[in-house]
Structures are given as structure tokens and as C-alpha cells.
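Computed from the coordinates by the stated procedures, all read-outs in this text should not be read as laboratory data. Fair warning: this is a prediction, and the values are worked out from it, not measured in the lab. Cβ placement follows ideal geometry from the backbone for every residue including glycine, while neighbour counts extend to all protein chains displayed.
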Amino acid sequence: MNKKYRKAIIAGNWKMNMTASAVRPFIDELRAAMPKLKTCDAAICAPFPLIPALGKALRDFSRVAVGAQDVCEFPSGAHTGEVSCDMLTDLGVKYVIVGHSERREYQHEDDFKVNAKLRAAIAAGMTGIVCVGESLEQRNRGLTLEHIDYQVSSAVYGLTEEQARRCVVAYEPLWAIGTGVVATAEQAQEVCAEIRAVLKRRLGARTARAMSILYGGSMNAKNAAELLAMPDIDGGLIGGASLKPADFAAIIAATAQE
Ligand code: PGA
């Protein structure tokens, strides 16, 4: 993490877990465990039906922002089952994940769609957390950096520098998500440095330097500090460990290290 240029961001991704009635007790526990530091932006990306309850529970606990896990790229109209940017911002949503590998895989979202969603989210005033990452097969075949270059370039295509500053890139190697197998700090740093190099080529040095890059994939209270010590890892996108308030708070606390 380079604290001179970037603020740390820790975002929880609850995935398809929790219920609206479980939100208040969770936030009460999180608040009790939360470190005092002000140098980290924290968010919880919840399933859509839980967002009103999350917003309510966080009303007097503004250190954690409300996030969503997906959004429709179209503004309104005949898109049955979809949720628009306006619907999210109206509920106070500040962050939205786009292009998570689970959506790319199970909902067949391609890079074109991910770019459209990111642009819509940013235009609506939200911060888009766009996910990229290689499969184990791609890593074993030596294709990691090539794949990441393509995904990052596609994701930020057409964004102005100003728009890109409302975008966070999350590096999530597919083989590390939900598996308990975390990338080593060196592996994660190598790819995050590559992401920043791509951002520099596409958007210029100043913008690339100002953008936060997160690591995600089995990040937890034990391994967070080592990952966050890397110069190009500015925070984390946390799945499993974000479902435990004490663990999530401990990861936020780990951003305070030097
Ligand atoms: P994990 O998930 O922390 O449970 O590996 C991370 C993610 O998919 O965002």
C-alpha cells in the first residue's frame, strides 16, 4: 500500500449469504470490534434485498458504506429481474462490484458487459469495483499477465481519467476464491503491479497512481497484513471472512500497519 497517494479500501462481499434480519446484529458486532483508524474506507456489498436493512443499520455508523454486488448497465425499462443504478443510489449505495468471476462464469458476463456496467455505475456517482483474475489453467500455462492486461484494458475502455478515479480494480485469482488457497504476497504483488502498469498505459501515470487496487481470494485476518504490505495492494475484497464481524474488523485494522 502506498499511503502517500491512496487510501486503503476494505470491501466485504457477502455473496448470496445473510438475511435482512441478520443485518442489525451483524453491524452491532462489527461496530463493537471496529478499530478506531480513519485511514481506511470500508464497505459491505450485500445482496439487493438486504440493502435497505444494511443502510438502516449503518445510518449512525458511517465508517462503513453500503455496497451492491452487481448492477444493470441499462438505465430503466424492460429488463425483468434487473436492478438499475438509480435504484441503488436512491438507497444510498456507494460501491458496486462489477464483473465478479462468479458472474462472469455463471451468468456469462463478458468483458463488453463488464465495461458497460462499470461505466453506468460511475456515471451514476458510485465507485465501481471491477474484478479481474486468471484461472489456475491460465496461470499454469504462463498466461496470467496477458489475461489480466486484456481484462483491465477492456474494463476501463472509454473511461476518462476523472471517471477512472471512481473505479477500483480488484485482483481475484479464480483459484484463490473461496478455496482457502491464498496467493502469496509476491504473486499478488506481481499481478497488481501489472494492473497498475496497464492503467498507466491507458490512463496516464497520475491517474494510475491514484487508483486503488485490491486483492481478493481467501484473504483473512491472518494473512491480510502481509498482503497489504505490498506496494501495489491497497486493500481487499473479502468474501468468507466478511461474514464474521471480528475477522472483518481485524482485516480493516491490518490496513493501519506501516
Ligand atoms: P473469498 O471471496 O474471500 O471467500 O475467497 C472473495 C471474493 O470472491 O470476492
Check: So what's the back-of-envelope 222 nm ellipticity for the chain, counting only DSSP H runs of four-plus at -39500 (n - 2.57) apiece and dividing by all residues, rounded to 500?
Finding: -11500 deg cm²/dmol
Check: Which three lengths, in whole Å and largest first, does the stretch 201-258 cover when its Cα atoms are put on their principal axes?
Finding: 38, 23, 14
Check: Of 222, 244, how do they rank once you tally other Cβ atoms within 10 Å and put the fewest first?
Finding: 222, 244
Check: residue 113: which aspartates and glutamates have alpha carbons under 15 Å from its alpha carbon, excluding same-chain residues fewer than 8 sequence positions away?
Finding: 70, 73, 82, 102, 105
Check: Scattering from the C-alpha atoms of the stretch 119-258 alone, worked out with Debye: what is log10 I(q)/I(0) at q = 0.09, 0.20 1/Å?
Finding: -0.26, -1.21
Item checked: Sparsely packed trypsin sites (Lys or Arg not before Pro) within the stretch 25-95, loop by DSSP, other Cβ within 10 Å at most 13 -> 36, 38, 59
Margin query: I need the phi-derived Karplus couplings for the stretch 68-75: 6.51 cos²θ - 1.76 cosθ + 1.60, θ = phi - 60°, integer Hz, Gly and Pro marked x.
Written below: 10, 9, 5, 7, 7, 7, 9, x
Next item on the list: Along Cα→Cβ, 7 Å out, is where each label goes; now give me the distance between the ones at residue 76 and residue 205 in nm to one decimal.
Entry: 4.6 nm
Next item on the list: Label the chain by shape, choosing from rounded, prolate and oblate, from the square roots a ≥ b ≥ c of the eigenvalues of the Cα gyration tensor; if a/c is under 1.5 it is rounded, and otherwise prolate applies when a/b is larger than b/c, oblate when it is not.
Entry: rounded
